[in-house]
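Heads up: the structure comes next, in structure tokens.
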Amino acid sequence: MKINIIKRAKEVLDIEAKAINRLKGRISKEFLRAVEISLKCRGRVIVSGMGKTGIIGQKFSATLASTGTPSLFLHTAEAIHGDLGKVTAEDVVIILSNSGSTSEMKQFLPILKKIGSKIIALTGNTKSVLAKYANVVLDVSVEKEACPLGLAPTASTTATLALADALAVCLLEIKGFKEKDFAFFHPGGALGRRLLLRVDDIMRRGQGAPVVKMNEKVSAVLLKITAGRAGSATVVDNQGKLAGIFTDGDLRRNLESDNQLPLRKVSLVMTKNPTFVDKDMLAAEAMRILQDKRIDEIPVVDKNRRPVGLLDVQDLLKAGLV
């Protein structure tokens, strides 16, 4: 049987969008109670489900865990075969089930009650066994599935995911969860790198960040730059504080007009009062300075303006910030 694919695809989206929109009218005191119970949880928020709804539950649990609510996923069928040992009386168990009356559910729920956990249900059947055992029941029923056979969970799983997201977002906002908190739980991601990585974590040190005195000859400075495989040398005054920087650009500009350059003091040809960054500065902020100034290397100093390293754009590339 041929179908109009574009028309059918739009119909599926309309059905699922309608399922989500119908949820707005169900945001009531029950939803507020679900939020309150979750906030008061002294253990973990355990999300349970199986089948397609279980997959939604795994995503929900992952969202909670990454936004400040300790959580784990518990497969309903595995729970009744030993994994119930993961649950304590201090935990809140959020169960996702469209029918709410599977055989596994009927074995699972009485044990949860004996353990003493609070139960929040997201179900499509508010008269189910699950609904009867739950402390709070959130209705995620849909008029129909997008599947023409009415068998494959489609609109129902979408509605469940949307309401779960609403619960997770409300929790993170009430807790005052911020970008820096999110980054803390995602140190390997781009956001984590931008918000957690500091200059001190990636700057070059020692020989890789040559530091020279103002009276040193350019020839000696070039040897140190070459030995450190750097593109510049940081120049310090008699107190060891930043006075300038000698770069490849300084070398080229002066070499054209001065054939005695290697014998000159570096203080005569360096770039004075160069741009610098603090070692405790966020690496992302240092990257912005490099980009704005259109430079490749920048001295790194401590609070007393004493050079402690050198930051190269290549270091930022390796750290995944560029």
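The values are calculated or read from the model by the stated rules, or taken from the named source; none is laboratory data. Since we're looking at a predicted model, the values are computed, not measured. All Cβ positions, even for glycine, are placed from backbone atoms using ideal geometry, and neighbour counts span all protein chains on display.
With the requirement that a residue be more than 23 Å from VAL277 (Cβ to Cβ) and either at pLDDT below 70 or surrounded by fewer than 16 Cβ atoms within 10 Å (Cβ to Cβ) (or both), what does the stretch 152-183 give you?
The initial filter retains those residues of the stretch 152-183 that are more than 23 Å from VAL277 (Cβ to Cβ), namely 152-178, 181-182.
Correct list: ALA152, ASP165, VAL169, GLU173, ILE174, LYS175, GLY176, LYS178, ASP181, PHE182.
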Evaluation of GLY85 against (1) of a type in the set (Gly, Ala, Ser); (2) farther than 19 Å from LEU130 by Cβ; (3) touching a residue at least 24 places away in the same chain (Cβ under 8 Å) (one fails), failing number: (3)
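Condition test on LYS144, is it in contact with a helix residue (DSSP H, G or I) (Cβ under 7 Å, 6 or more places away or on another chain), charged (D, E, K, R) and either under 30 Å from LEU311 (Cα atoms) or at pLDDT 90 or above (or both)? I'd like the intermediate steps shown before the answer.
Working: in contact with a helix residue (DSSP H, G or I) (Cβ under 7 Å, 6 or more places away or on another chain): yes; charged (D, E, K, R): yes; either under 30 Å from LEU311 (Cα atoms) or at pLDDT 90 or above (or both): yes.
It is true that LYS144 is in contact with a helix residue (DSSP H, G or I) (Cβ under 7 Å, 6 or more places away or on another chain), charged (D, E, K, R) and either under 30 Å from LEU311 (Cα atoms) or at pLDDT 90 or above (or both).
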Residue identified as in contact with a Lys or Arg (Cβ under 9 Å, 6 or more places away or on another chain) and basic (Lys, Arg) among ARG288, ARG264: ARG264
All positions within the stretch 124-151 that are closer than 26 Å to LEU109 by Cα and surrounded by fewer than 13 Cβ atoms within 10 Å (Cβ to Cβ): LYS127, LEU151
Among (1) under 19 Å from VAL35 (Cα atoms); (2) modelled with pLDDT of 95 or more; (3) within 25 Å of the chain's Cα centre (by Cα), the one test that LEU74 misses: (1)
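This table checks each residue for (1) without any contact (Cβ under 8 Å) to a residue 60 or more places away in the chain; (2) crowded, with 20+ Cβ neighbours inside 10 Å.
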| residue | (1), (2) |
| --- | --- |
| SER219 | yes, no |
| THR234 | no, yes |
| ARG253 | yes, no |
| PRO262 | yes, no |
| SER267 | yes, no |
| ARG305 | no, no |
| GLY309 | no, yes |
| VAL313 | yes, no |
| LEU316 | no, yes |
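Does VAL93 satisfy the criteria of being among the hydrophobic types (A, V, I, L, M, F, W, C), farther than 30 Å from LYS10 by Cα and in the same structural domain as ARG44 (by TED's automatic domain parsing)?
Details: among the hydrophobic types (A, V, I, L, M, F, W, C): yes; farther than 30 Å from LYS10 by Cα: yes; in the same structural domain as ARG44 (by TED's automatic domain parsing): yes.
Here the answer is yes, as VAL93 does meet what is asked.
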